[in-house]
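Accompanying notes for the structure given below.
The values are calculated or read from the model by the stated rules, or taken from the named source; none is laboratory data. Everything numeric here is computed off the predicted structure, so don't read it as measured data. FYI the Cβ positions are ideal-geometry reconstructions off the backbone, even for glycines, and counts take in every protein chain you see.
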Amino acid sequence: MNIKNIIAILLCSLSLTAQENITLEKAISIGLENNFDIKIADVDIQIAETSNSWARAGRTPTVDLQGSFTNNIVRDNNPASFLQGTYYNGSLGVTANADWVVYNGGKIKLNKEQLMLAVDQQKLNKSTGINALFRSIYQGYYEVIFQKEQLEVLNEVFSLSKDRLAYENAKHDYGASNSYNLIQFESAVMADSNSVMNQIQSVETAKRNFYQILDIQDYNEYRFDERLSITTEEIDEEKLKKLMSEENYTLKSLEMIAALNRLNTGIAQSANKPTVSLSGSLGFAENGFKFFADNPQTGEGFPFQESNRYTGNISAIVSYNLFDGGVRNDNIQNAKLTEEIDQLSIIQARVELNNQLDILIDNYKSQLEILAITDKQINLAQRNIEITEERFKAGQVSSIDFRNVQNQYLNAAFNKVGAIYSLLTTKSEIDFLTGIFTPF
């Protein structure tokens, strides 16, 4: 079996095993459904929502119930003791204790706001992960399309090489060609067939990487029917920068951290205020006593004595730390300095993100110009290969010259496919920075 048959079988197997076409929209749907990080993020949100309660913030009282059952047998031979001899003393009781912090400098409210922000933070983490997933799916999907487009170009060149070889064989049969030309065209066919086989492997690798992004555990062979294309439109730089300022997930995360640290400052300041708490208890105990001796007056044993007791109390406690060596003031100062760092970090991030967006926009504009050039380049290459083919048939150019023109066409086709792919990739990076995957 020759190399051409092997390639034909590989290409046929690729088409025969394909069962279902996959689009970018469908890929995003599969990725969102399968992604483990998003599933974990959903659980983290549930945990944060469960923890978001006034009880955890410290507003509600705490009530403890305690029960006790004690038994004591004592043999006392002390002459000075009121009771001498052996006796039993036992009790069975229950006590309920309640504690309630009425006021602690506003810390309870701040704690509740922290818990609410914790929920928002987990939701933000999920949205950040989805935004990153969109970029990975977008780029992985078009990586497969890009590799397939390159394969089509190589197949086209391979087909052209086979046609030239067949034509040269026919000429050789009639004595109009020589062995040198045949060897040149056979070498071209072998080189092109090798490129096709390598590119088939590149397509398969791109697919497997893409399926991994989608967290598809079983290998499914999808068809990728889309062609590389892009609608070129003018970019509104101010609109993109405004959108990025509002929707960028790096900025949102930094602003979330800043909000949490502002609450930490409030909590540190609450330590300078008094704390008021209430506490109370209710108790009941059943006691038993038995003296193991005879009553000297009656000569009979002492009976088992039972008694009970009810207790209750309520108290209010006000506490205020007068002096702690300046620790509270240091904590407040450090918290305020942390807030300053947060604002500087946000400003720094805005500057860096604006710079990244400027670079991406410049790249996008440059790539549009490159795409226009590649359009002209491939048109020229196509005309050149048509003219060269006619001249080759007329015996006016050599096999080497024809191969050079063929390579020029290959490079031009690759350049155009690469230019479109670069534009799509750059667009995905712009969408990632702005936080919204949408056309311009």
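Of everything listed in (1) at pLDDT below 95; (2) in the same structural domain as residue 253 (by TED's automatic domain parsing); (3) not hydrophobic (A, V, I, L, M, F, W, C), the single unmet condition for residue 90 is (2).
Scanning the range 150-165 for residues that are within 18 Å of residue 394 (Cβ to Cβ) and surrounded by fewer than 17 Cβ atoms within 10 Å (Cβ to Cβ) returns a single hit, 163.
Scanning the range 193-226 for residues that are among the hydrophobic types (A, V, I, L, M, F, W, C) and part of a helix (DSSP H, G or I) turns up 196, 197, 200, 203, 206, 210, 213. Filtered by the rule that a residue be touching a residue at least 12 places away in the same chain (Cβ under 8 Å) and of a type in the set (Phe, Trp, Tyr), the range 116-174 gives 134, 138, 141, 142, 146, 158, 167.
Please pick out the residue among 349, 372, 293, 285 that is touching a residue at least 12 places away in the same chain (Cβ under 8 Å) and either within 30 Å of residue 241 (Cα to Cα) or outside the structural domain of residue 97 (by TED's automatic domain parsing) (or both).
Just a single option satisfies the conditions, and that option is 349.
Being modelled with pLDDT under 95, surrounded by 12 or more Cβ atoms within 10 Å (Cβ to Cβ), under 42 Å from the mean Cα position of the chain (by Cα) and of a type in the set (A, V, I, L, M, F, W, C) holds for only one residue in 335, 293, 271, and it is 271.
The single residue among 119, 144, 157 that is modelled with pLDDT under 95 and in contact with a helix residue (DSSP H, G or I) (Cβ under 9 Å, 6 or more places away or on another chain) turns out to be 157. Looking at the range 396-411, can you tell me whether even one residue there is under 30 Å from residue 271 (Cα atoms) and acidic (Asp, Glu)? No: zero hits. Just to be sure, is residue 22 at pLDDT 95 or above and surrounded by 11 or more Cβ atoms within 10 Å (Cβ to Cβ)? No. Filtered by the rule that a residue be surrounded by fewer than 19 Cβ atoms within 10 Å (Cβ to Cβ) and among the acidic types (Asp, Glu), the range 166-198 gives 173, 186. Scanning the range 306-323 for residues that are surrounded by 11 or more Cβ atoms within 10 Å (Cβ to Cβ) and not in a strand (DSSP E or B) turns up just one, 321.
Scanning the range 215-233 for residues that are surrounded by fewer than 12 Cβ atoms within 10 Å (Cβ to Cβ) and at pLDDT below 80 yields a total of 4. Residue 359 passes every criterion in (1) surrounded by 11 or more Cβ atoms within 10 Å (Cβ to Cβ); (2) in contact (Cβ under 8 Å) with a residue 12 or more places away in the chain apart from (2).
Taking the conditions exactly as written (buried (at least 16 other Cβ atoms within 10 Å of the Cβ), under 30 Å from residue 315 (Cβ atoms) and of a type outside the set (Asp, Glu)), does residue 107 satisfy them or not? Yes, satisfied.
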